[in-house]
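The values are calculated or read from the model by the stated rules, or taken from the named source; none is laboratory data. Being a predicted model, the structure only gives us computed values, none of them experimental. Using ideal geometry, Cβ is built from the backbone for each residue, glycine included, and neighbour counts are taken over all protein chains shown.
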Amino acid sequence: MQEKTYEIISEIKKVIHGKDGIIKMMLSGILAKGHVLLEDIPGVGKTTLALAMSRALSLKYGRVQFTPDVMPGDLLGFNMYDPSSSSFKFVEGSVYVNLFLADEINRTSPKTQSALLEVMEEGRATVEGKTRNMPDPFFVIATQNPFGSSGTQKLPESQLDRFMICLTMGYPDRKSAIDVLKGDSKADIEEVRPVVSAEDILVMQKEAGSVFVDDSLYDYIVRICEQTRDGRFFEMGLSPRASIALMKMAMANAYLRGSDHVIPEDIHEVFFPVSCHRLKLNPLCRADGTDLKSALDRILDEVCIPKIN
């Protein structure tokens with residue numbers, strides 16, 4: 001199934017111009033069985049990317065535009081009395097899909113944000129004591145506006161940590177911006193061809209999870225994460241969950257390369273998307289103008305890269 005990844009990326013590129021790296025990283029996150037956070041200003045194509053991904057992967061898709069009045073029951077469902085049967089009937093919420101887009105997640109209340117935690121971590125939802133499983137495969141792609149934008153609520157660290165990676169779309173380059181103007185985004189979405197089925201994705205996830213990781217690279221990942229915990233750059237370092245995400249993303253990245261084994265460059269390529277939303281610069285680094293990317297690059301420079309036989 002490895003060869004299908006190129007077709008998937010080609011289909012999504014029909015509507016997302018000049019963002020090949022973002023498309024590839026999001027696909028890696030899905031193959032690694034992770035959830036994806038897209039953080040950027042409105043209007044750069046975050047929702048379009050999620051919709052194109054769902055079409056190329058033949059996934060059942062659901063979207064909620066988060067606002068302050070969205071309630072947990074809107075996501076998870078609720079029991080409603082049915083007079084015709086004199087019993088309560090469960091009304092399914094919007095989260096029971098393969099790919100759930102939580103659009104502008106940081107514009108809703110912390111209570112509703114927290115309602116996604118069990119779903120994202122366990123793949124199931126509990127409503128009034130009864131637990132229901134999500135379809136398989138299941139992913140959450142959430143978009144958020146930069147913190148400080150009007151009407152935003154900061155996501156708690158516990159929820160941020162549930163996202164395997166965080167990506168930023170950024171503005172398109174000039175050529176890509178012209179291509180956007182010449183096209184019709186709604187019509188282009190209809191042209192995105194389904195490449196694989198949900199069952200194929202499960203196979204691809206299994207194959208990506210079987211990519212070989214040398215023992216020296218397990219040690220390398222641990223040493224990188226330990227290096228973030230010494231207090232020089234960050235208030236708190238990467239957790240063991242982050243190291244697991246780094247390993248899984250490196251395996252998925254190798255799979256997309258068409259390889260059956262991980263190399264150090266796979267780890268380097270996914271290090272920033274895995275780490276950026278989990279780390280906060282300490283006051284000293286913020287004061288001297290050090291940005292997060294520079295600090296993470298210095299971490300990689302300081303840890304000796306193992307030689308793979």
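Before moving on, here are some points about what is shown:
- Residues that are at pLDDT 90 or above and not in a helix (DSSP H, G or I), drawn from the stretch 23-45: ALA32, LYS33, GLY34, HIS35, VAL36, LEU37, LEU38
- From the list SER243, SER216, SER210, the one residue that fits, being at pLDDT 95 or above and not in a helix (DSSP H, G or I), is SER210.
- PHE271 being within 24 Å of LEU160 (Cβ to Cβ), aromatic (Phe, Trp, Tyr) and without any contact (Cβ under 8 Å) to a residue 60 or more places away in the chain: yes
- Being in contact with a strand residue (DSSP E or B) (Cβ under 9 Å, 6 or more places away or on another chain), part of a helix (DSSP H, G or I), farther than 12 Å from ILE299 by Cβ and not hydroxyl-bearing (Ser, Thr, Tyr) is a description that applies to ALA254.
- The requirement of being touching a Phe, Trp or Tyr at 6+ places or on another chain (Cβ under 6 Å) and not acidic (Asp, Glu) is not satisfied by ALA198.
- Within the option set VAL44, VAL15, VAL36, being within 29 Å of GLN205 (Cα to Cα), surrounded by fewer than 22 Cβ atoms within 10 Å (Cβ to Cβ) and of a type outside the set (D, E, K, R) holds for one residue only, VAL44.
Per-residue answers, yes or no, for (1) charged (D, E, K, R); (2) touching a residue at least 40 places away in the same chain (Cβ under 8 Å); (3) out of contact with any strand residue (DSSP E or B) (no Cβ under 6 Å at 6 or more places or on another chain):
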residue: ARG223; (1), (2), (3): yes, yes, yes
residue: GLU226; (1), (2), (3): yes, no, yes
residue: ASP230; (1), (2), (3): yes, no, yes
residue: GLY237; (1), (2), (3): no, yes, yes
residue: PRO264; (1), (2), (3): no, yes, yes
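- Residue in the stretch 8-22 that is within 19 Å of PHE100 (Cβ to Cβ), out of contact with any strand residue (DSSP E or B) (no Cβ under 7 Å at 6 or more places or on another chain), assigned to a loop (DSSP other than H, G, I, E, B) and at pLDDT 90 or above present: no
Residue by residue, here is whether (1) free of Cβ contacts under 8 Å to residues at least 40 places away in the same chain; (2) buried (at least 18 other Cβ atoms within 10 Å of the Cβ); (3) over 19 Å from ASP161 (Cα atoms) holds:
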residue: ASP260; (1), (2), (3): no, no, yes
residue: ILE267; (1), (2), (3): no, yes, no
residue: ARG286; (1), (2), (3): yes, no, yes
residue: THR290; (1), (2), (3): no, no, yes
residue: ASP297; (1), (2), (3): yes, no, yes
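- ASN133 satisfies every condition listed in (1) out of contact with any strand residue (DSSP E or B) (no Cβ under 7 Å at 6 or more places or on another chain); (2) modelled with pLDDT of 90 or more; (3) surrounded by fewer than 19 Cβ atoms within 10 Å (Cβ to Cβ) except (1).
- When ASN282 is tested against the conditions (1) surrounded by fewer than 15 Cβ atoms within 10 Å (Cβ to Cβ); (2) closer than 26 Å to ARG162 by Cα; (3) more than 23 Å from the chain's Cα centre (by Cα), the lone failure is (1).
- Looking across VAL203, VAL196, one residue alone is surrounded by 13 or more Cβ atoms within 10 Å (Cβ to Cβ), modelled with pLDDT of 85 or more and not in a helix (DSSP H, G or I). It is VAL196.
- Summed over the stretch 57-69, the residues that are in a strand (DSSP E or B) and surrounded by fewer than 19 Cβ atoms within 10 Å (Cβ to Cβ) give a count of 4.
- Any hit, the stretch 70-81, residues being touching a strand residue (DSSP E or B) at 6+ places or on another chain (Cβ under 6 Å), part of a helix (DSSP H, G or I) and touching a residue at least 12 places away in the same chain (Cβ under 8 Å): yes
- Looking across ASN79, ASN106, one residue alone is at pLDDT below 90 and under 21 Å from the mean Cα position of the chain (by Cα). It is ASN106.
- Where a residue in the stretch 168-180 is within 21 Å of THR143 (Cα to Cα) and in the same structural domain as ILE41 (by TED's automatic domain parsing) and its partner, wherever it lies, is in a helix (DSSP H, G or I) and modelled with pLDDT under 80, with Cβ under 6 Å and at least six apart: none
- Selected residue (only one of SER54, SER84 is crowded, with 17+ Cβ neighbours inside 10 Å and of a type in the set (S, T, N, Q)): SER54
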